[in-house]
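The values are calculated or read from the model by the stated rules, or taken from the named source; none is laboratory data. Just so we're clear, the structure is a prediction, and the values are computed from it rather than from any experiment. As a convention, Cβ positions derive from the backbone with ideal geometry for all residues, glycine included, and neighbour counts pool all protein chains shown. The accessibility values were calculated without ligands, DNA or RNA, using every heavy atom of the protein model including side chains. Shrake-Rupley method; radii C 1.70, N 1.55, O 1.52, S 1.80 Å.
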Amino acid sequence: NAGVTQTPKFRILKIGQSMTLQCTQDMNHNYMYWYRQDPGMGLKLIYYSVGAGITDKGEVPNGYNVSRSTTEDFPLRLELAAPSQTSVYFCASSGLAGVNEQFFGPGTRLTVL
Amino acid sequence: QQQVKQSPQSLIVQKGGISIINCAYENTAFDYFPWYQQFPGKGPALLIAIRPDVSEKKEGRFTISFNKSAKQFSLHIMDSQPGDSATYFCAATPRGANNLFFGTGTRLTVIP
């Protein structure tokens, strides 16, 4: 089992560019999440999904979009990158409702210049 | 608005000492309180968790103390080791949900 994998590990974008952060899990988890981590701020939830075809906003969704066409994949899309989106992005997954442990991927460090 | 408040921001402890990290919350709908450990360059990983029906949970050298009336919980690391040097996050989940609200993190350094 690879767990939760994320690509790329690092990326530098110019202002206004777009990109997709990829996330895949092989644990057959229903729940998947995207967080961003900024120094001194902890992790903030961007979007989450409770199953294929179902997504919902978290605390900080502005500037991002997600889709969930399969159980395994949960990509995060940045349409018009801004310097405020410079952060480390983590994808996570968890099993059935009530089983709360979230398993995190290794993260993607994104810089917008 | 930070739903879970965590302190201190950083902590330096001698090897063998006790590390204590504190968290507080306001939302009474929270009913699951995990602690995550994060090493540099890695994603967070679950360390230990507690539900509000107990006041303490111990796993090895790690103990969560929970005070429901004060809406506070803390992580105690006994006999702290250099390998415990990491960033620790408390978190909370509302009843019936899986979303985690994280504290701002505590960077722990254990000096040999």
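Go through A:Y48, B:Y88 and list them by solvent-accessible area, largest first, probe radius 1.4 Å.
Working: A:Y48 40, B:Y88 0 Å².
Result of the area sort, largest leading: A:Y48, B:Y88.
Note on chain A: Cα convex hull, mean projected area over all directions, 6.5 nm². Would you compute the Debye intensity of the protein assembly as shown from its alpha-carbon atoms alone, equal scatterers and no solvent, and pass along log10 I(q)/I(0) at q = 0.09 Å⁻¹ to two decimals? Each listed q maps to, in turn, -0.37. Out of every Cα-Cα pair that region A:35-75 contains, those further apart than 15 angstrom amount to 43 percent. What you get for region A:4-112, charging only the Cβ of Lys and Arg (+1) and of Asp and Glu (-1), is a dipole of about 380 debye around the Cα centre. Taking chain A as a Gaussian network of alpha-carbon nodes connected by springs under 10 Å, the highest mean-square fluctuation of the residues A:N65, A:N30, A:N100 belongs to A:N100. Straight-line reach from B:K42: which lysines have Cα under 28 Å away, leaving out those fewer than 8 places along the same chain? Once the sequence-local lysines are set aside, what remains near B:K42 is A:K9, A:K14, A:K44, A:K57, B:K5, B:K15, B:K57, B:K58.
With the gyration tensor restricted to C-alpha atoms of chain B, the semi-axes of the equivalent ellipsoid amount to 23, 15, 12 Å, longest first.
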